[in-house]
Structures are given as structure tokens and as C-alpha cells.
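Notes follow the structure.
The values are calculated or read from the model by the stated rules, or taken from the named source; none is laboratory data. Remember, it's a predicted structure, so these values are computed and weren't measured experimentally. As a convention, Cβ positions derive from the backbone with ideal geometry for all residues, glycine included, and neighbour counts pool all protein chains shown.
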Amino acid sequence: MPEPLVDAPVDAGIAAVAAGPEEVEVSRSRKLGFLGWFSIIWLVVVVALALLAPILPLPDPNRSFGAITEKPPIQPGHFLGGDGIGRDMLSRVIFGARISLLVGFASVVIGWVVGGSLGLVAGYFKGRIDGVLSTLFNVLLSMPALVLALSLVAVFASSDENTSTSRKLVVLIAALGIVSIPVLGRISRASTLAWSEREFVKAAEVMGAKPLRIIWREVLPNVLPAMMSIALLGMGVVIVAEGALALFGASVQGEPTWGTMIADGRGDLRNYPHIVFIPSAALFFTVLSLNYLGDVVRARFEVRESVL
Amino acid sequence: MSSPNGTDPGSAGGATDPFATSGSTATASHRLLEVIDLHTGFKTPRGRVRAVDGVSLTLERGRTLGIVGESGSGKTVLSRSIMGLLPKRNVVREGTVLYEGIDLVTAPAEQVRDLWGAEMAMIFQDPMTSLNPVQRLGAQITEGMRYHLGMDRKTATSNALALLREVGIPEPDRRLKQYPHELSGGMRQRVMIAVALACGPKLVFADEPTTALDVTVQAQILNLLQRQQRERAMAMILVTHDLGVVAGRTDEIAVMYAGQVVEQAPTAQLFANVRMPYTEALLQSIPVLDAPSHSRLQAIPGRPPDLVNPPPGCRFAPRCRYVQERCLQELPPLVEAEPGHWYRCWFPVGSGAPVTVHIGAGEVPADPIPAAVAGDFGGGEQVLPAGGAGGAGGDGDAGRGDPALGGDGSEGVV
Amino acid sequence: MALARELGKRFAALALVLFLVTLFTALLLSMIPGDPVDTLVPLSASAEADAQKAELRHELNLDDPLPVRYVAWLGDFVTGDFGDFYRTSGTDPVSDRVSSALPVSLQLMIYSQILALLLAVPLGVITAYRAGTYFDRSANTTAFALLSVPNFVLGLVLAYYVGVFLGWLPPERYVKFSDDPVEHVRHMILPTITLAAAQVGVYMRLLRSDMIQTLQEDFIQMARSKGISDRRVLWRHALRPSSLTLLTVGGLNVGTLIGGALVIELIFSLPGMGREIADAIFNRQYVALQSFVAILAILYVLVNFTVDLLYTVIDPRIRHARATG
């Protein structure tokens, strides 16, 4: 029986519209709304403050000023008041950003680099390598993330006095990095699997290009966008995780972090809530910004994919 | 209503009543469905797509109307528009659709919904995607009965069993508990038919009911539909791109192109006395079993027009063999050739209009016919003396068996 | 039967994962830098202490090779011997602590999942049906805000404003259901809401996106054409095929749920596994920690496995594909 005419250009339009309600998120990604600009500005400000903290005219975050003990904002000379033992809140929040952001960034970088590479390898070579790597990912993912991180930190950086702050920090970053690896690994693997079936990759293979070169030049640039949004979202998750770990006493001591500020301030919640809520607000806005931008990046790249 | 001699294009009277069908003796009480100047438009970023652009039809009880057209002609949208089964947003429907006197366009949604299933039903094209994949077949059949007719489960189930037997499904009691993916394509379509017939509707829309099926199964399904229709005295609107499907199975055929009806006639008359060149081209493109092997399929070159801004003249003109100046400038109205036979053309088949051969862009004709004026496709146009117009096969036309024409399959028409 | 073979494969995979996970936790003790018993026995150097440590070392099989240690640990674990919690005043069996703490954590997790689904499913369905409307957009924004708030921050906010400032509900402590059902509920409300909040956002958006896709399918048109009400089409026809992703994510979410429950328990001073783990970490009781980690990990693995099995029930196509494929 003869074939019906191939869809005229008009038909596609009807099909698309006749299909039903349209996905709203896509159209939102064309312009950055208020929230988008807020997110970018907030993150820029926070990162700038964190980087510049040592040279800013701030009082020592670890020094106690008796006058402002437990005093809420606004105090003369101490804009955000003092915490339970009189340390300057503003200074602590800004210095706290340094470690919290560092932890977030470094852990995600570890997850991205290690997890991403492993995923690329697994997705491209498939077969037994994929089997082994996927099992590795699955086992790591089989444990509740927080539990895994807690166990690693507790074991490798026990909280006795001879554990230095920097060692604790390294362990913390490593633990959260390890937890991030399978997440990013799975995504890069899935993305690689999809992209390595495309013709241009096959073409490169046929031309005799070496696998490493193919991965680097053909597959990687296409896998990157999917991972970008996950990286942003992941940073938010890790920064929050630092806070959670602090509540268990598993975060760095000696230096302020947003998590430890919240954990320490819990005892005073009834009477002096600002001690807890100031770092909480900083944490919230940072995570919100990272989440929103991650979402925007994802939507933008998903749209491009579907046009393909 | 006598009509002027339909073969004389110049005297096409124009505004005769396009609502009357064959058998203008039909009284209003027989008319099940009356569609009056129906327009359906979809709002898109590019503008409003006029998928159905002023269609009028009537249908009596127990009669079958075939709606034929290529993809994009608006035939599916038409059947959905008549029923009202359109998306809620970005769709505009204007005109009148009278079902037993009730205007479906203006009636409240609940009233229209009450009619669906109980009075009118639709059989969809692809039974694999149209049946709920995670619901048992029995439930899908009985749902309408229990909802509209208030049957209890036992009665509905025994009815469903009977229906399955009627549509020719073996082991119906086993099938009731199965899921769509467990059945073959032909069986699924039979189930779909059972679902549609469950509440005993008076009007059934069959939207390309056999397109997704094997050739061998198609005839079975069509025969089944015909039989059911006769037994239940149902009216049916059979939508298809395939003239072969409607040939022996309809009382009347309406041919659609670019959102409009371009020819409409009782079936026998349509085949015997084709007027509209588009219909003629459709007829010619049907492959004939006893044609010599390796004969080329006749295809209609070109594509349907843009439905957002349709051209001012006849919409088929750019692809028509008989196109003249007037065709490109004025949209012909529907005129009656003989009682019940309407067509929309300034120079219909058999009127002696000269034939034009279209050459697609970039193609080189085998015959050394020099490309003259740049035509619609950037190719050449050559006017040739009218050959044996109106018949199938027409080898009198130079260039008809030409490899340059209609070669690449993507421009094939049914 | 092919289905049995398929199940067999899954059980084998389950066994493998359980093995590796328990191996990891069993190894935790050995990964501690230094001598583990030094940290476990909080006594100063003395002859008595040394003897205790030697005994402990023997008990924990620390001088034995790894496979022996693992098997011994496993043997103890499956018989319910989770080791001991060493304190200056004596040792507590960890199993006691687990049997009192685990139910509390489980309650919190179950309550919050139920609450999250009760809210997310209707919201997901309605926002999909009314996609693009004001209601949809505001619901989406709220969901987004909710899932951006760190759960402990939300907990603290609720504890302070509702618990302290307004005083409507108790912000801490726990009452057993069997002791006082009303108080039990009152004490669990805030923690449950806190834990459910983030999930509502995730589930709602997921379901919405799936539903929007499903509503574009042909069989939905067919269902509509039967003349049944929109509500029926939504709930009886569209919801079930759309719920698959929800199920997957629900299963994977249990990991976050477990972590979240642990944290919330700390915030609201609930005597659950969270507090036990914090205790173990603070006191460097790695044996206890090891058992807690193992228990939670196994719980998670089992839940995921069950979710996987549930797939076949929900979608008969998958059951069919698995049986024959």
C-alpha cells in the first residue's frame, strides 16, 4: 500500500500544539528573572567576601568580646551582634563562608573529576570495565550518603585533640568527595553512553582515532553541559551536608563554618535565636542560588537537546 | 435545486446550498449530524494555523461518509473538531455542529461529554498507543458502559464478552484480563472497535483505523466495521488518506485539501465522474495490480500550502496539472456538478484546460524540454496540449512516465 | 519459569551488594589510625587497662586476618549481637540501644513519607492538569523554595517559631505512642513536617512533569473520548503510568530520608538513631558506630530492592518484559 505523504511542515505545528499543555519551565529559561539575578549577585558577593576576608577590616572571628556576648544585632561596632561567648557574628559568618564554600567546591570538584572520568570510561568502553565501575558506583550509592560521610569522617578524623583543623578539613572534603563520586559518575556514564552512539563518534572511530582522543574531543564536550548543572546543584547539597555533619560533631573545629556556628548556637535557640539564624540565612540563600542556577543551566541545555 | 452544467467552469453559479447532500429529499429528522461552516484554528508562535477552514457536511442515520486527504489536509482535525475532542488551550473552534439538533460547539462541556461514548465514539489510528497500557482490556471496555449506562460489573462484563465475540476475538474471557501489549495489532484494533461500540453509539468516527495494521489485516478490520455498522444502523465517518479504503465502503466521500473540502459526492459518482484535479491525481496515484512491473508510481509533486497564511487562490493550484492564472488568484467556491456532487475548481477535469507539467527544483527532465519560466519550485514549467484528462494512467501526457517527476518517494501521495 | 530466573538474578545482585556494604562497615574498625582499642577503652595506662585492652582485642578478633574478622563479625551481626558500647561505668550492649532507637527513627521516616505523598500526589496531579496557570506557577515556586531549605534550618525555624515563640507544639522530646497517643502525635508533628517538606517539593515536581507527558499520550485522548469526566481521566488513567518515576525516586530518596531523619532527630531531641550515632561519634565508640552504619545501610538496600520488585506490580509491561526478556 502506498505510503502516506510525509508530514508537511504544518503538521508538526499542529501536532505540537494539539498535544497538550506546554512545559512552562522551558520558556522561563529564556530570560533570567529576578531570582536569577539575585542568585548570581548573591553568589558573587559571598565568594568575594570569602576570598577577601583576611584583608577586610573585620575583628578576629575567634576572639571573644565580652560586651557583645549573646547580644543580637545591631551592636555598635559589631553589626550582627555576638554569639554565645561574645565572638563577632559578622566576622564569623564571613570567615565561615570560606570553609563552607571551600568544602562545597572542593568536594564537588573531586566528584566531578574522579566520578566524571570514571563515568566517561565506563560509558565509552562498556563491557567489563563498565560492569566493574557500575558495581562500584552502585555499592557506594547503596549507603545512605550522610551515613557514609559520617562514618568516613568519624573514622579518619577522630575528634581528639591531636587532630589538626587542616587534617579534619581534608578528611571532610575527601569524605564528601567520595560520596559525590558515584552521583556524578552515573550521570556522566549515562550521558557518555548516549553520546558515544552518535554518528560523529562512530565516524571518528572508523577513522582510526585513538579512544582517548575521541573521548576528549568528541564525547567530553557534549557530556559537560549535563554535568554542569549537577555540579551546581551538588555544591548546594555538599554545603548543606557540612552543616549536617557539624550537628554530629563531625565537622572542623577551631575555625568557624556555617555548620558549626549553627551547631554551637543550638543551645541558645530559645533565648538568642540570632546566633543560629544568621548563619542559617547565609546557608539558605547560598543553597537557593546554587539550586536555581543549576536548574536554569539544566533547562537551557535540555531545550537544546530536544531541538537536536 | 437544479444546478448549471457543472462541466462549464465559467458558469459556476457559486452560492448554491452546500449543505444539501445527495438525496436532497432527506428530511431533517433523518439528519443525524449537520456541520455548518466549521473552522478550527491552532494558535502557534507563527500565527494561527487554520487546520479546518470552512467545512460543511451532513450525515444521515446509518450512512457512511468517507473523508479523504493527505497528511496535513485537516481530516483528522476535522473529525476531532466535529466531536469536540480538541485540546483545551490554544485552540479556536468556530461554526456550528448540530448533532440531533444540539449544537456541540456552544453546548456546555458536561453535555458534550455525556454524548461521547453513549451517542458518538471514536476509533483511533494506532491501537497500541490508544489503549491504556496499564489497564486490563476488560476494564477498558466496560468503563464506558458502567459510567454512561450505569451497569453493574457483572452485566457490563457479560456485555463486554459478547462484544469481543462480535468483533471476532477468540477466547474472549481470557482476553478480558489481558493487557494491550499481549495482543497483536489486528486484535488490538478489534478491541478498540469493541470499546467504541460498547455503549451503542449512533455515530462512529473511524480515524485511519487501518493505517497502523498489516495489509492482510486491513480488509478484515474494514469488513468488520462495515458489518457492525449495518447491524447497528450506525452512521460512520471514515477518515483516511487511502481512496482504496473508502472505495467500496462508503455512501459518500468528501475529499479534503488544506483544510477545505474540495470535492464531495456519492461514492460511485466520485469515481465515475471526477471533477477536481486533486481527486483525479489521487485516483491516478493508486497503484494498480495489473500494471506492468516496474511502472512508476504516479505521485503529486510538491507540498501542501502553509495553513497559517494560505495563498489567495486555489490551494491546490501550485501542484495542479491544469493550473491557470485565475486559479492562483481566486479561491474557487464549491459548485454542484450534479445533484449531490460538489467540487471546488475553476477548470475541473474534462473542461478542456491545458495541462502543465511541473518539474521539481534541481531535477532534469529526461526529455530535452527546456526549462522556461521559473515555476513554484524554481524549476521549469512547460505547457503542453491537454492529453487524456480524467482517466487513470494517462500515458498520452508527455513526461508522465518521466523519471524527473515524483521520483523520490517523499513526495508520494496515496 | 522465566520470572523466577529473573528474581533469582535480582536476589544474587542483592546478596552481592549486601556483602560489599557489610564488608565496608566491618572494615571501618580497621581503618582507624592507631590502635582501635585505645579509643574504645577510655582509661589511662595501667595494668588493668592493658589487660582489658588485650581482652578486647581478642574479643574483636583484631589480631586475626581479615576474612576471619569479617565472618566473625557477620556471625555476630546476624544473630543480633551488635557489639558493646564501652563506658567508664561498664558496657552496654548496642542491641539494646538499637531496639529503642530504631523504632523512633523508623516512625519519623514513615510518617514523613506518608505526609509527603499525601500532599505531593494531589498537588502534582492538579498542577499538571493546570500547567501554566497562576496556581501551577506559585505551587512550583513554593516547592522550589521548600527543597532549597536545608532540613535542619527548617527544623530550627519551626522549632523556634512554632515551638518556642508561639508555643503551639512541643519543639523537643518524644513520647511513645503506647504511653500517650495524643502526646506522641503532638511531639512528632513538627519533626514530620520538617522532614516531609523537602520531599513534597521533589515529589510534586516529578509527578507533575511525568503527568504532563502522560497527558499528551493517545490513550488519554481515547479515555476522554469515552465521555468520562476529566477527574476520572486524571486519577484513573493518567496517574498510574506516571507514578513510575515517583516510585524510583521514592526508593532512592530513602537514603536522603535516612540522613534527614538522623539530623532532624538531633534538632528535635528525639531518641532515635541520630542521637545514638552522635553519641557514638562523640565518645569514639567505633564498634557501636559500625553496627549503626551497617543497620542503616542494610535497611536502605532492602528498601531499594523492594521498590525494584514493586515495579513489576505497577507496570505490567515491565513484568511482561522481564519474564520474557
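From A:Ala149, A:Ala106, which residue is in contact (Cβ under 8 Å) with a residue 60 or more places away in the chain, more than 14 Å from chain C (Cβ to nearest Cβ), in a helix (DSSP H, G or I) and buried (at least 17 other Cβ atoms within 10 Å of the Cβ)?
Testing whether each residue is in contact (Cβ under 8 Å) with a residue 60 or more places away in the chain, more than 14 Å from chain C (Cβ to nearest Cβ), in a helix (DSSP H, G or I) and buried (at least 17 other Cβ atoms within 10 Å of the Cβ) leaves just A:Ala106.
Got a sec? Which helices (runs of 4 or more DSSP H) wholly within region B:135-208 have at least 2 residues that are under 25 Å from C:Ser229 (Cβ atoms) and over 29 Å from the mean Cα position of the chain (by Cα)?
Details: elements: B:137-148, B:153-166, B:172-176, B:185-197.
Here the list reads B:137-148, B:153-166.
Quick test of your reading of the structure: B:Ala118 fulfils all but one of (1) surrounded by fewer than 23 Cβ atoms within 10 Å (Cβ to Cβ); (2) more than 9 Å from every other protein chain (Cβ to nearest Cβ); (3) more than 28 Å from B:Met276 (Cα to Cα). Name the failing condition by number.
Condition not satisfied by B:Ala118: (2).
Just checking, which of A:Ala190, A:Ala204, A:Ala226 is surrounded by fewer than 23 Cβ atoms within 10 Å (Cβ to Cβ) and free of Cβ contacts under 8 Å to residues at least 60 places away in the same chain?
The match here is A:Ala204.
Would you point out which residue out of C:Leu270, C:Leu299 is modelled with pLDDT of 85 or more and either at the interface with chain A (Cβ under 8 Å from one of its Cβ atoms) or part of a helix (DSSP H, G or I) (or both)?
Answer to the selection: C:Leu299.
Would you please name the residue that is surrounded by the most Cβ atoms within 10 Å (Cβ to Cβ), looking only at residues in region B:232-266 that are out of contact with any Leu (no Cβ under 9 Å at 6 or more places or on another chain) and at pLDDT 90 or above?
Checking each candidate, the answer is B:Ala265.
Go through (1) assigned to a helix (DSSP H, G or I); (2) surrounded by 15 or more Cβ atoms within 10 Å (Cβ to Cβ); (3) basic (Lys, Arg) one by one and return the number of the condition C:Lys176 breaks.
In the conditions (1) assigned to a helix (DSSP H, G or I); (2) surrounded by 15 or more Cβ atoms within 10 Å (Cβ to Cβ); (3) basic (Lys, Arg), C:Lys176 misses (1) alone.
Evaluate the following for A:Leu233: is it closer than 20 Å to A:Val114 by Cβ and surrounded by fewer than 18 Cβ atoms within 10 Å (Cβ to Cβ)?
no
Return yes or no: is C:Ile281 within 8 Å of chain A (Cβ to nearest Cβ), farther than 16 Å from C:Phe152 by Cβ, touching a helix residue (DSSP H, G or I) at 6+ places or on another chain (Cβ under 8 Å) and at pLDDT 80 or above?
Taking the combined requirement at face value, the residue satisfies it.
In region B:41-79, how many residues are of a type in the set (A, V, I, L, M) and touching an Asp or Glu at 6+ places or on another chain (Cβ under 7 Å)?
1
Tally time: how many residues in region B:27-71 are crowded, with 16+ Cβ neighbours inside 10 Å, more than 14 Å from chain A (Cβ to nearest Cβ) and at pLDDT below 85?
Of the residues in that region, 1 qualify.
Just to verify a result, which residue in region A:152-170, among those that are of a type in the set (A, V, I, L, M, F, W, C) and at pLDDT below 85, is surrounded by the fewest Cβ atoms within 10 Å (Cβ to Cβ)?
A:Phe156
What's the number of the condition A:Val47 fails, among (1) at pLDDT below 80; (2) within 28 Å of the chain's Cα centre (by Cα)?
Just one mismatch for A:Val47, condition (1).
Out of (1) in contact with a helix residue (DSSP H, G or I) (Cβ under 8 Å, 6 or more places away or on another chain); (2) of a type in the set (A, V, I, L, M, F, W, C); (3) surrounded by fewer than 19 Cβ atoms within 10 Å (Cβ to Cβ), what's the single condition that is false for B:Leu98?
(1)
Of everything in region A:85-128, what is of a type in the set (Ser, Thr, Tyr) and within 18 Å of A:Leu290 (Cα to Cα)? Give them in sequence order.
A:Ser100, A:Ser107
Residues C:Gln199, C:Gln216: which one is within 30 Å of A:Asp295 (Cβ to Cβ), out of contact with any Phe, Trp or Tyr (no Cβ under 6 Å at 6 or more places or on another chain) and more than 9 Å from every other protein chain (Cβ to nearest Cβ)?
C:Gln199
With the requirement that a residue be among the basic types (Lys, Arg) and under 21 Å from B:Leu225 (Cβ atoms), what does region B:40-69 give you? Steps first, please.
Narrowing region B:40-69 to residues among the basic types (Lys, Arg): B:43, B:46, B:48, B:50, B:61, B:63.
Correct list: B:Arg61, B:Arg63.
Only one of A:Leu80, A:Leu52 is at negative phi and free of Cβ contacts under 8 Å to residues at least 60 places away in the same chain. Can you tell me which?
Exactly one residue qualifies, and that residue is A:Leu52.
Name the residues in region B:87-125 that are closer than 23 Å to C:Phe219 by Cα, outside any loop (DSSP other than H, G, I, E, B) and free of Cβ contacts under 8 Å to residues at least 40 places away in the same chain, would you?
Of everything in region B:87-125, those that are closer than 23 Å to C:Phe219 by Cα, outside any loop (DSSP other than H, G, I, E, B) and free of Cβ contacts under 8 Å to residues at least 40 places away in the same chain turn out to be B:Ala109, B:Glu110, B:Gln111, B:Val112, B:Arg113, B:Asp114, B:Leu115, B:Trp116.
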